[in-house]
Every structure is written in C-alpha cells, then in structure tokens.
C-alpha cells in the first residue's frame, strides 16, 4: 500500500511539471516583447473554437491587431445602463488618432448605432465584416462581439 501511495504522490508531482515543461520561458523578454506576445495570445484566443464572445470597451481599435479580421455580430453589453453605442468603421483616422477621418477622406467609412432592447430607435444587433488595417471606433458604451452566424431566413422561396 505504501508503494501505491508513493507512486501516486510522485505522479501528482510530475504531472504539473510535465505540463509546464512545454511552456516557453518568457522571463528574458522585454516589455515590448511581452506586450506583443500578449497581443498574439489574445488574437489566438479569439480565433479559438471554444471562444464565444468578448466585450470590447470604448476606444479606437485596429483590425488585425486588436480585433481579429472576421465578420462579427455586435450588440450592446447586456449589463449596461446605456441605451446605445456608436460604432465608426473606417480606413483612416483624423490627425488626433482618436476619431475617423472625414467620410470624404476615407475609402471605407461606416457610421452605425446599436441599441438596447428597450431602444426601438436602433437595431439590437449589427454585423460588420472587418478588414485588416482598418479601424473600429466604439463610443458611448462597450459592445459584445460574437462570431457572425449569417442573415436570418426571411421566408422568401
């Protein structure tokens, strides 16, 4: 019996060590390298099959760096008190880098609003096909990104 307990204890100690053995040593990385690694990990997690949704806060986001290139469904976060969120999608920013350039200066420009369930002025879900190197600007309230699952069947046959 003592041998069995000893073997179980040895295996219990080895399993975590073996699991960690495949992880890279990041202790020698610089701050910039760690930030780049974090960004790569975030994108890999977004592209993982187990991932279902993520909340994206207010801000200016670069597609292909901060948010993966993909076709997304976007809705207002369910726990917000906001009635709407404004979303601007463009290929150029203004000089401040905090807003979209004029729609006349952009080749890609969309100005969309997504609303809460009790706001009948805006749709509750919008979808957008984000391209690499473009920008998404989220204003007024955070939004939830989920993978786009297609248009609803309208019943035309």
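Values quoted throughout were computed directly from the atomic coordinates according to the rules given, and no laboratory measurement underlies them. Note that the structure is predicted; figures quoted are calculated from it, not measured. Positions of Cβ are generated from backbone atoms using ideal geometry, with glycine treated the same way; all protein chains shown enter the neighbour counts.
Summary table below
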{"item": "Cα→Cβ-extended label distance, 7 Å offset, between residue 62 and residue 111, nm", "result": "2.6 nm"}
{"item": "Where labels lie 7 Å past Cα in the beta-carbon direction, separation of residue 83 and residue 129 in nm", "result": "3.4 nm"}
{"item": "Pair-distance profile P(r), taking every C-alpha pair of segment 53-149, with 5 angstrom steps and integer %", "result": "3, 15, 25, 27, 18, 10, 3, 0"}
{"item": "R0 of 22 Å, Cβ-Cβ distance residue 119-residue 139: FRET efficiency to nearest 0.05", "result": "0.90"}
{"item": "Nitroxide proxy distance, nm - points 7 Å out along Cα→Cβ at residue 103 and residue 55", "result": "3.1 nm"}
